[in-house]
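What follows is calculated from the coordinates using simple rules that are stated; it is not laboratory data. Source: prediction; values computed, not measured. As a convention, Cβ positions derive from the backbone with ideal geometry for all residues, glycine included, and neighbour counts pool all protein chains shown.
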Amino acid sequence: MLKMLKPKPVLLHKNGPQVRQEIQACIGCNECLLACPALSEPITINTLNREIVGGTISAPIARFAQACYQCGACVDPCPVGLHRDAMMMWLKVRLLSSGWEE
């Protein structure tokens with residue numbers, strides 16, 4: 001008889017300290033944003049980084065988070081090897097938790 005295997009849990013995003021650590025490692029080169037197919041209006045990497053970890057989420061950053069479909073195009077161009085996709089997931093969770101509406 002076959003035994004049912006329990007699937008291993010999948011980590012959908014990093015925890016707060018891990019996200020903050022990645023943001024601190026960001027050199028601000030903007031390569032992730034240049035590669036992103038979901039970015040439709042100008043935002044700065046500094047604003048994005050600041051709003052990922054806390055404070056008020058501005059309308060342009062919220063629209064960007066909603067447009068992001070986690071394709072991973074932002075990961076390969078990063079010269080530091082950061083996972084912007086995981087940081088964006090963290091931002092999406094913050095956005096949903098805050099009940100943000102435009």
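Descriptive notes on the structure:
- Apart from one condition, residue 67 fits all of (1) hydrophobic (A, V, I, L, M, F, W, C); (2) more than 15 Å from residue 18 (Cβ to Cβ); (3) in contact with a Cys (Cβ under 6 Å, 6 or more places away or on another chain); the exception is (3).
- Each residue in the range 13-60 was checked for being assigned to a helix (DSSP H, G or I), surrounded by fewer than 17 Cβ atoms within 10 Å (Cβ to Cβ) and of a type in the set (A, V, I, L, M), and 4 of them qualify.
Residues checked against (1) in contact (Cβ under 8 Å) with a residue 40 or more places away in the chain; (2) crowded, with 16+ Cβ neighbours inside 10 Å; (3) touching a helix residue (DSSP H, G or I) at 6+ places or on another chain (Cβ under 7 Å):
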site: 62; (1), (2), (3): yes, yes, yes
site: 68; (1), (2), (3): no, yes, yes
site: 72; (1), (2), (3): no, no, yes
site: 80; (1), (2), (3): yes, no, yes
site: 88; (1), (2), (3): no, yes, yes
site: 95; (1), (2), (3): no, yes, yes
site: 99; (1), (2), (3): no, no, no
